[in-house]
Amino acid sequence: MNIQRQVLANGAIVVVAANPTVDVVAGRLFAIGGRRCDGPWPGMGQLLAAGLTRGTVTANAREIADAVESLGAGLGTEADLDYFLLRFKCVGEDWPALLGLAADLLRRPTFPTGEVELERRLLLEALQQRPTRPLAAAWDALLPHCYGDHPYRHPELGTAQAIEGISGAQLRAHHRRWFQPDRLVIALAGRLTPEEGVARAAQSFGDWLGETALAIPTGPRQHTPVDLWIDCPHPQNLVLWAWPAPAIAHPDAVPFHLLSLVLGDGTTSRLFVELRENRGLAYDVAALFPWRAETSHLLAYVSTAAADTATASAILCHEVARLQEEPLTAAEWQTVQGKCLGHHALRCQTNGQWAQALGWREAMGLPPHWEAQFVEAVRAATPADLQRVAQTYLTQGSRAIAGRREDGPRL
C-alpha cells in the first residue's frame, strides 16, 4: 500500500494510504486534546462531540444529515480521552464532498441552542443508566482513586451537574480553544492517490489559521489503593481490580500489553481458564489495557454469583501474583506472541482500519514506523520482560465490587 505523509503550512498533518482495490474511501480526522481537556466541566467533550454535527455556519442539522444520506455515506463523531474523532466512509467519487463537509463541521460548528438541549438530554439519559451497569459503575467509582488530579480522572460520560450547566456559548469557546489546525490529523485511505488526498486536504483545511495553542492538560498521577462497594441492581456481582500501567510510547508498553493478553484476553487467558472453565465461577471475565498517550491502567474483572464473589476475587488476585512470581512456560509464551501479532495484523484489513491506525498513530505522537517497531518489540520480548513489568506495575491494586449489598461479601 502506498502511504504518504505531509504537514501543511498551518501544522495540520495529512496521511494518505492509497488502496485502489476497493471503491471506498474512509476518513479519520483527529483533533488532539479530547476529554482530558474538559477541565472543571466533565462531560464537555462528550457534549461537544455530539454537537459537532448539529449545525454549522452554512448548514443546519437536517441539511447535514440529508447531505450524508444522499451520498449513501456514513459519518460520526466521538470523544476519546486523548482526541476528538470525526470519521466518514463513502464510495470513491464522493470523498471530496465528505472531506469538505468534515472541514465545515470541525472548523465552523455553531452548537444551536435547540440541538444542544437535545444532545444534553440524550447524554443525561445515558448517564442515568451507568449506575445500572456494573462495570461502568465500578470503574466510575475507582477513577478518582486511580488518577487523583490527573485529567484522565473524569468518568467517561462526565457528571450530571457539569453537563446540566454547559451552555452553547461555553461549547463554542471550548471549541475555539482546543480545535486548532496544528493539532489536526487528517487520515484518508482507499481509492485515491496521495497527491489527491493532500491537495484536497490543503483545499479544505490549509487556510485555517488557529489561535495560540494551549498546552494539553497533564499532571502527576496519584494512585491511591482503595476497596469500594457500589450498590448496583444486577443479578450478578462485578469484581473489578485496577492497577497503574504505562503510556503507549513507554518501553514497558509492549510487554505490559502481552501481560494483559495472558491474563484476560480470550478463551486461552489465565482468568478465563481458571475462573470459567476450571471453576465455573465466571459469567464474564477479562483484562483490559487501554492504550493512552499518558499513564494508563490495567483493569481485570469478573462477573460472578454473589455467593462466589470473595472466592472469584481471591482467584483473580492469585493469577496476578502468579505473573509476578512465575515466568510463562514456552507454550504460553508462543501462544501470547502469536495472538498479539495476529491481533495487530488484523488492525489494518479495511480502508477504515487503515485510516484509523495511521491517524491514531499521529494523534498519539508515535513515530512514523511505529507499527513495524511494535512488531519487532513483540518478537524481541521475553517471559522475563513480562514478569518484570508485572512486578513493577501490579503492586498496588484497587478493587471495586458492584452488586446488591445484601448479597455481597464483607470488605
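A Gaussian network model of the chain, with springs between Cα atoms under 10 Å, assigns the largest mean-square fluctuation among A400, A331, A286 to A331. Place a point 7 Å from Cα of A65 in the direction of its Cβ. Which residues in the stretch 80-97 have their backbone N less than 19 Å from it? Of the residues in the stretch 80-97, 87-89 have backbone N under 19 Å from the label point off A65. Projecting the Cα atoms of L99, S296, G148 onto the dipole axis of the chain, where Lys and Arg carry +1 and Asp and Glu carry -1 at the beta carbon, places G148 farthest toward the positive end. Label-to-label distance, E78 versus Q170, with points set 7 angstrom from Cα along the beta-carbon direction: 2.5 nm.
Considering all alpha-carbon pairs of the stretch 2-205, what whole percent are spaced by more than 23 angstrom? The answer is 48 percent, as a whole percent.
Each 5 Å bin from 0 upward holds the following percent of the Cα-Cα pairs of the stretch 227-407: 1, 8, 16, 19, 18, 14, 11, 8, 4, 1, 0.
The GNM of the chain, with springs linking C-alpha atoms under 10 angstrom apart, assigns the highest mean-square fluctuation among D227, D182, D82 to D227. For the stretch 90-187, the dipole from Cβ point charges (+1 on Lys and Arg, -1 on Asp and Glu) about the Cα centre works out to 300 debye, to the nearest 20. Each Lys and Arg contributes +1 and each Asp and Glu -1, all at the Cβ; summed about the Cα centre of the stretch 2-205, the dipole is approximately 380 debye. Between S303, S167, S398, the residue with the greatest mean-square fluctuation in the GNM of the chain (Cα pairs under 10 Å linked by springs) is S167.
The angle between the Cα long axis of helix 253-264 and the longest principal axis of the Cα atoms of the chain comes to about 60 degrees, rounded to the nearest 10.
When the Cα positions of L346, A400, A384 are compared along the charge dipole of the stretch 227-407, L346 comes out farthest toward the positive end, with charges on each C-beta of Lys, Arg, Asp and Glu. Calculated mean residue ellipticity at 222 nm for the chain: -13000 deg cm²/dmol, from DSSP H runs with n ≥ 4 weighted as -39500 (n - 2.57), summed, divided by the residue count and rounded to 500.
Placing a label point 7 Å from the Cα of A247 along the Cα-to-Cβ direction, the residues of the stretch 135-152 whose backbone N falls under 13 Å of that point are 151-152. Only Lys, Arg, Asp and Glu carry charge here, each on its Cβ (+1 for the first two, -1 for the last two); on that basis the stretch 227-407 has a dipole of about 220 debye about its Cα centre. The residue list Q337, I186, A215 was ranked by how far each Cα lies along the charge dipole of the chain toward its positive end, using unit charges on Cβ atoms, and A215 comes out on top.
Helix 309-325 and the longest principal axis of the Cα set of the chain meet at an angle near 80°.
A viscosity of 1.567 mPa s and a temperature of 4 °C, combined with the Kirkwood radius over Cα pairs in Stokes-Einstein, give a translational diffusion coefficient for the chain of 57 µm²/s. Amide H to amide H, with H built 1.01 Å from N, L298 comes under 5 Å of W243, A245, counting only residues 5 or more places away or on other chains. Dividing the convex hull volume of the alpha-carbon atoms in the stretch 227-303 by its residue count gives 97 Å³ per residue.
Rounded to the nearest 10 degrees, the inclination of helix 95-107 to the longest alpha-carbon principal axis of the chain is 80 degrees.
Straightening the chain between D23 and N2 buys 6.0 nm, computed as 0.36 nm per residue apart minus the Cα-Cα spacing.
Just so you know, all these numbers are worked out from the coordinates, no wet-lab data involved. What you are looking at is a predicted structure, and each value in this text was computed from that prediction instead of being measured. Quick reminder, even Gly has a Cβ in these numbers, built from the backbone with ideal geometry, and neighbours come from all protein chains shown.
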